[in-house]
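S.K.: First the structure, which I've put down as structure tokens, then a few questions once you've had a look.
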Amino acid sequence: MLSQESPREVISPEQDQRMVSTPVLCYVFKGKYLPPPIFHRLIAACITRWPVAKKKETSENLIFCGCCIFDLDLFHRLTLYSRSHIVYVRITKMVMDEVKTPDAKLCSRVRKFISLNLNKITSYLSQNLQYGLSVQCPPPQDDDSMAGISPMFDIWFAEEGHADDAPITPEHMNHARLCVALVTACGNVMREVLRTQVPAPHTDIYQAILANKGKLTGRPGKPLLNPNQITLVFPDPQGKITGTLDQFDISLLYILIRNVSAVPAPVTGWSKDPCDHPRDTSLGASVERIRSFRNHITGHSADGKISRQDLEDYWEQFEAVIHDIEKVIGGQTCSQELERQKRQVISVYEAC
């Protein structure tokens, strides 16, 4: 049936009085171009969520070339089909109770699922594909796939009250990839710095932290650690340490490295921009660079977007900093982790 065009009655609203359908939700791709793999991947995503409906008479799966029908529950069916540059979505309900319309919350959840997956698919396959969201009120006609399309509010947007789903752009995905690399590879290398740079006479970093409890918590009016960080770092009333090094984020790691470890301050001093001394590749300077990355990428980002060029630039800086740190403390685990993530990012761009 995958090679068979969907019959007209499949994509048309049911004529049975017991069946009621939503207006058709339309994802209209700009440039009047919809690459077939996008719709195929969308169908695949839906198959992982809902079972394909079956024809009553023959029990055949209702999946065709450019169309698939899913059972959402006992009373609702989802019809998903594409024509030209438009993806059409409709939900039909079998009326078995006093409620004569499809479930609004269900419709909203379906729309969110389809929008989310369509955004993921288009971001993965192409940086240039864009689409608009509209609602088609009259039934589609054979000779005019654009008939009746007009932006409007309806049951699909009952929960939000608006029809604007902010698209997830490739720049958003770049920012997310960079945040993951920052938290994992850069965060892990800072943990190794804290773990290995234990000041004498202590034998492990936890001893050093406990010895500096007054310094970390006793600053009048503004202790270095906030209550959540104190809970992670120091023992509870029963003497048990509930937090682990793996739970320390970059901000906490920076505070501990600066105030507890044996790492000396960089040439510019702590909390200063290490760019003023680019040749300073000491542990302190490298730690400051990671702090600066964290502030610029996550703390001070206004829109959560990173261009591809900025992504590549930041990635090179990540590699350099981790290399400088591992050159001092030994090991290659963090640089290998960053390289693995880089290969994944490159493979995504090469697929576009």
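S.K.: Using Cβ counts within 10 Å as a stand-in for footprinting exposure, how do I86, I325, I297 rank, fewest first?
M.R.: Result, fewest neighbours first: I297, I86, I325.
S.K.: Separate question: Using Cβ contacts closer than 10 Å as the measure, can you line up C46, C275 from fewest to most?
M.R.: Fewest-to-most Cβ neighbours within 10 Å comes out as C275, C46.
S.K.: Additional query: For the range 263-352, what is the convex hull (Cα atoms) projected area averaged across all directions, in square nanometres?
M.R.: 6.7 nm²
S.K.: Take Q130 and K240, extend 7 Å from each Cα along the Cα→Cβ direction, and tell me the distance between the two endpoints in nm.
M.R.: The two pseudo-label positions are separated by 5.6 nm.
S.K.: K30: which lysines have alpha carbons under 29 Å from its alpha carbon, excluding same-chain residues fewer than 8 sequence positions away?
M.R.: The reachable lysines, counting only those whose Cα sits under 29 Å from K30, are K105, K112, K120, K305.
S.K.: Right, another one. P(r) tail for the range 171-351, what percent of Cα pairs lie past 23 Å?
M.R.: Within the range 171-351, distances greater than 23 Å cover 44 percent of Cα pairs.
S.K.: For the range 204-253, which trypsin sites (Lys or Arg not before Pro) are both in a DSSP coil and crowded by at most 11 other Cβ atoms within 10 Å?
M.R.: Filter output for the range 204-253: K240.
S.K.: How much length would be gained if the chain were fully extended between K112 and D204, taking 0.36 nm per residue of separation minus their Cα-Cα distance, in nm to one decimal?
M.R.: 28.2 nm
S.K.: Rounded to the nearest angstrom and ordered from largest down, what semi-axes does the equivalent ellipsoid of the range 213-261 get from its C-alpha gyration tensor (root of 5λ)?
M.R.: That gives 16, 15, 9 Å for the three semi-axes.
S.K.: If you don't mind, another one. Under 24 Å from the Cα of K54, which lysines turn up, not counting those fewer than eight places away in the same chain?
M.R.: Within the straight-line cut-off, K54 pairs with K93, K100.
S.K.: Kindly provide the trypsin sites (Lys or Arg not before Pro) of the range 47-84 that DSSP labels as loop, not H, G, I, E or B, and whose Cβ sees at most 10 other Cβ atoms within 10 Å.
M.R.: Passing both the DSSP loop test and the Cβ count: K56.
S.K.: Can I ask one more? Cut-off is 10 Å between beta-carbons; in what order do F234, F39 appear when sorted fewest neighbours first?
M.R.: Listed from fewest to most nearby Cβ atoms, that is F234, F39.
Read-outs: derived from the displayed coordinates by stated rules, not from any lab. All figures in this text were calculated on a predicted structure; none of them were measured in a lab. Because the Cβ atoms are built from the backbone with ideal geometry, glycine has one as well, and the counts that use them run over all protein chains shown.
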